[in-house]
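See structure below.
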Amino acid sequence: MMKTLVISMLLATAGIASPNAAIAAPTSTATQVAPATIHYRTTTINGVKMFYREAGPADGPVLLLLHGFPTSSHMFRNLIPLLADRYHVIAPDYPGFGQSDAPDHRQFTYSFGHYADMVDALMGQLGAKRYAMYVMDYGAPVGYRLAIKHPERVSGLIVQNGNAYEEGLGAFWDPVKAYWKSGSAKDRAAQEWVVGLDATKFQYTDGVRDVSRISPDNWVHDQALLDRPGNKDIQLDLFYDYRTNVPLYPDFQAFFRERKPPTLILWGKNDTIFPEPGAHPYKRDLPDAEMHIFDTGHFALEDKLDEMAPLIRDFLDRKVAAR
């Protein structure tokens, strides 16, 4: 008995628990928050199945995420969970992209006006009467067409390498403009390289300082969908229809000036397709816009999410949720 007592005292003096003492459960003051649940849904609009990702509280401020070429709502897969605790996030795939239907281009009009109408119909089905928009690449003309159709519904804009000014159509667009002008089979065929694997990979890696931060799943995923039978013609139709966006630039700009939506501009400065000169003209019409230029390329979210997400969250909290 005395031997056991002496050992216990020595262990206590050394700061070591007695072998017969109960081990206290560790305590923690940290609160772990479960990640947001993302729902993967499909609805039918005018006979075409349209896929969309949806997350967040049904009564939260709505954020509409509009993707670019050649990807889909997949480009927002990492951003959505960072916003969906407070915001009702909706990210559709346009027909011909992602998980949405891809009807034959001879039976379905692949145009930016049609896409805007379909997104409008989707938001109507979901009861979203006011929303902020994150627009990128093709998402810019889709979103801006929606904005001039329903200017009162737009609570804010997040613009990431999405063009609305002639200054943003640089040298990359010269051969595309030749196709716009002629509409010829020869100029159409000259654009086919854009749907190839090298071009898809280029869009993710060009201008990126640390390519090890870019998941190769991106171009593998996108290319598998681009390679579906008939998809090449879908994309070439859209390349040709992009010409219809340019005459609307003055209307887009008038919307900016007249409605003055709170705007956050996030731009990859090394983007060959929509280069940095396309970012700065926004300040002419939206002088209060917040602008951040990043040392990266076209798909800035892929390697700059850690820098961009806090800016997006802060902007939404200050300028959208608070309104």
Considering only the stretch 165-197, how many residues are more than 15 Å from Gln235 (Cα to Cα), open to solvent by 20 Å² or more (accessible area, probe 1.4 Å) and of a type in the set (A, V, I, L, M, F, W, C)? 3
Among the listed residues Asp241, Asp217, identify the single one that is among the charged types (D, E, K, R), under 21 Å from the mean Cα position of the chain (by Cα) and open to solvent by 10 Å² or more (accessible area, probe 1.4 Å). Asp217
Considering only the stretch 257-264, I want to know if a residue exists there that is under 17 Å from the mean Cα position of the chain (by Cα), closer than 26 Å to Gly98 by Cβ and surrounded by 18 or more Cβ atoms within 10 Å (Cβ to Cβ). yes
Going through the stretch 244-256 in order, the residues found to be under 16 Å from Val176 (Cβ atoms), open to solvent by 20 Å² or more (accessible area, probe 1.4 Å) and polar (S, T, N, Q) are Thr244
I'm told Met123 meets every condition in (1) open to solvent by 20 Å² or more (accessible area, probe 1.4 Å); (2) not in a loop (DSSP other than H, G, I, E, B) except one. Can you identify the failing condition by its number? (1)
Taking the stretch 226-238 as the region of interest, how many residues are surrounded by fewer than 19 Cβ atoms within 10 Å (Cβ to Cβ) and assigned to a helix (DSSP H, G or I)? 4
Note on the stretch 285-323: residues in contact with a helix residue (DSSP H, G or I) (Cβ under 9 Å, 6 or more places away or on another chain), under 13 Å from Leu83 (Cα atoms) and of a type in the set (Phe, Trp, Tyr) are none
Among all residue pairs at least 6 apart or on different chains, which show Cβ distances below 6 Å where the first residue, located in the stretch 52-67, is over 17 Å from Tyr40 (Cβ atoms) and part of a loop (DSSP other than H, G, I, E, B) and the second is at pLDDT 95 or above and among the β-branched types (Val, Ile, Thr)? Pro61/Val320
Restricting attention to the stretch 293-311, does a residue exist that is at pLDDT 95 or above, over 19 Å from the mean Cα position of the chain (by Cα) and open to solvent by 20 Å² or more (accessible area, probe 1.4 Å)? no
Only one of Gly268, Gly278 is among the small types (Gly, Ala, Ser), more than 24 Å from Arg323 (Cα to Cα) and out of contact with any strand residue (DSSP E or B) (no Cβ under 6 Å at 6 or more places or on another chain). Can you tell me which? Gly278
Residue in the stretch 198-214 that is least open to solvent (accessible area, probe 1.4 Å), counting only those that are more than 20 Å from the chain's Cα centre (by Cα) and without any contact (Cβ under 8 Å) to a residue 24 or more places away in the chain: Ser212
Answer from Leu65, Leu82 - the residue that is of a type in the set (A, V, I, L, M, F, W, C), open to solvent by 10 Å² or more (accessible area, probe 1.4 Å) and at pLDDT 95 or above: Leu82
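The values are calculated or read from the model by the stated rules, or taken from the named source; none is laboratory data. Quick caveat, the model's predicted, so the values are computed rather than measured. Backbone-built Cβ (ideal geometry, glycine too); neighbour counts: all protein chains shown. Areas reflect the complete protein model, heavy atoms only, side chains present, ligands, DNA and RNA absent. Shrake-Rupley method; radii C 1.70, N 1.55, O 1.52, S 1.80 Å.
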